[in-house]
Amino acid sequence: MAGYRSASSSSAAGAGGAAVFAMRVLLLLTLLPLALAAFAFALQWRGGMRDPTGTVWPADTQRFPGMENSPLGSSSSSTGGRGSYFAVSSASASSAAADCAEILGRSASSHGISLYRGWSFDTDTAITPKICITGSTSASLHQILPWLYYHKVIGVSHFILFVEGEAAKPAVTSVLESIRGVKIIYRTKELKEQQDRSRIWNETWLSGFFYKPCNYELFVKQSLNMEMAIVMAREAGMDWIIHLDTDELIHPAGAREYSLRRLLLDVPDNVDMVIFPNYESSVERDDIKDPFTEVSMFKKNYDHLPKDTYFGLYKEATRGNPNYFLTYGNGKSAARVQEHMRPNGAHRWHNYMKSPKYDARYLILWSFSFLLVFSSQVQVNSGEMFLLNYLAICYLFSCSEIKLEEAAILHYTYTKFSDLTSRRDRCGCKPTKEDVKRCFILEFDRLAFIIASTATEQEMRNWYREHVVWTDKDTNLKLLRKGVLTRIYAPMAIIRGLKESGIFIDAVTSAKAHPKANIGLENNESIHTKVTASQTTTLKEGGNDNSQATARKILEMIDVQEEAMPPMSPPGFLELMESALS
């Protein structure tokens, strides 16, 4: 009995020691996130680290390869990046924020007199935030001008356009260069050489797209151009940067006024990236000539639909095509301009060394949870405690981004019958199922290329009407009532108003009447050197080799080098089932 009692007492003592140890571990796991939260809150309360978006970057804009013929005299060079194109010349700056309803109301009462007549897009008025759009284009002036001025109307102040093909012709660039806030970068031999030395080629996140033709090549080119645009946006004092193609329009729904500037102004300070889900154009005729003024029906994104609606009407919305959307469905994004940025493909942005962002409201929530856990009224087991701490740590160190619930990117894809042949003419791939995989990322693009390369014109038109054009009015009405399709008229009204006011014609005639002299480069420093320096400036404590090596090691540790986000189709049944089971 004595031996039994001794063994029992020793085992009880061991169990008690293990319980004490477990409680200490749980206490540590609880106090650690709380301490981090308190520290982050203290930093935020005292002002925290310097916010690079609030700093006015140097006004002397650098010049890069390909900008030989691009005018550098913009509002940013003369006013520190505070130019505005959203002011009415006959009213004060405060009247520039009139909402869409008021503007369209004035238009309706004018009996045909354009609402944009008398507008001044070149007035230097301080506005915030300052928004920059960058893009790579080979489109014609007929497409670029409406796209550009529409975004000026909704609050974009600067455009960084990388041009080639039709867009690089003198007749086009002379007009674009005459518009304040537009910077044109030509795809010259020098620019290619500089981009060949970009750090991107030595990293892994984009390597899956290297050395492939057509759409893969375009994806890499866009990423390299975006890298350069980041540096230019910082130097111009921009607050936000967005990568957009010239067949896409931003639809700032959900803001207090029809303004991208107002939409981004309402974004919380701790959010660094805003994701715009995209809507896809749904044309109702096969003879569209001007998509921006003739297309009003769009298919909503998966993110803006109830799941039961999306899957319940998936077959009718897909219409026999490979996916819910013809092309991509993962939207585009706007990012705050700050240090250490890089593109993450054409759809997203990334930061090499991102400081954690913290919402002070979470401190209150976490403190309340902490008190509940250690009160006598609540019993929490070790598994629940671990999960609570894990969620807290994930929150503290997660990337700060939001996805908008109403605003969207309107993607005008395959809106014209000629879009079939234009894609065919851009790529030299063989029209076989295997070879097109080398050229195109998305399945519908592959099918369209094969049809355009092998069918007669009549067969192509029949295929286009069957797979792209929405000719069944009953189906259209059903999907409109269910919310899968939607009508959006604001961009159409704005662009029609701009056209009627003669702004596009004025831009062309003004460029012809006042041609600008070519401006040479003042600084031929490598864009690779600029970008690398801008991304590692804050890491360097000195100019010696050791500090540079340390900076590289830190970057390697912090940047996980995940693959770039490619254009992706909306989710289907199989994808969601696989993700649910994994």
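The values are calculated or read from the model by the stated rules, or taken from the named source; none is laboratory data. All of these numbers come straight from a predicted model, not from anything done at the bench. We place every Cβ from the backbone using ideal geometry, glycine too, and count neighbours over all the protein chains shown. These accessible areas exclude ligands, DNA and RNA; they are computed on the full protein's heavy atoms, side chains included. Shrake-Rupley method; radii C 1.70, N 1.55, O 1.52, S 1.80 Å.
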Sequence gap at least 6, Cα distance under 8 Å: using those rules, report the relative contact order of segment 175-270 to the nearest whole percent.
10 percent
Cα pair distances exceeding 21 angstrom across segment 398-472, given as percent
40 percent
Per 10 angstrom bin, beginning at 0 and ending with the bin that holds the maximum distance, the Cα pairs of segment 435-492 fall in percents of 19, 31, 32, 18, 0
Tell me, what is the Rg over Rh of segment 181-253, with Rh the Kirkwood radius over Cα pairs?
0.99
Low-density loop cleavage sites - chymotrypsin sites (Phe, Trp or Tyr not before Pro) in segment 155-239, where at most 10 other Cβ are within 10 Å (DSSP):
Tyr211
Need one number for segment 183-315: average projected area of the convex hull over its C-alpha atoms, nm².
12.8 nm²
Kindly identify segment 460-514 as rounded, prolate or oblate by the Cα gyration tensor criterion: order the square roots of the eigenvalues as a ≥ b ≥ c, call it rounded if a/c is under 1.5, otherwise compare a/b with b/c, prolate if a/b is larger, else oblate.
oblate
Ignoring ligands, DNA and RNA, what percent of the 1.4 Å accessible area of segment 137-243 is carbon and sulfur?
51 percent
Mind scanning Lys221/Lys332; Lys169/Lys499; Lys299/Lys433; Lys192/Lys499 and naming the pairs with a C-alpha gap bigger than 25 Å?
Lys299/Lys433; Lys192/Lys499
How much length is gained on full extension from Ala18 to Arg461, taking 0.36 nm per residue of separation minus their Cα-Cα distance?
151.9 nm
State whether segment 130-197 is rounded, prolate or oblate according to the following rule on the C-alpha gyration tensor (a ≥ b ≥ c being the square roots of its eigenvalues): a/c under 1.5 gives rounded; otherwise a/b larger than b/c gives prolate, and the remaining case gives oblate.
oblate
Length added when fully stretched, Arg197-Ala38, from 0.36 nm per residue minus Cα-Cα:
52.9 nm
Sorted by accessible area with a 1.4 angstrom probe, largest first, how do Lys354, Lys315 fall?
Lys315, Lys354
For segment 121-183, which trypsin sites (Lys or Arg not before Pro) are both in a DSSP coil and crowded by at most 10 other Cβ atoms within 10 Å?
none
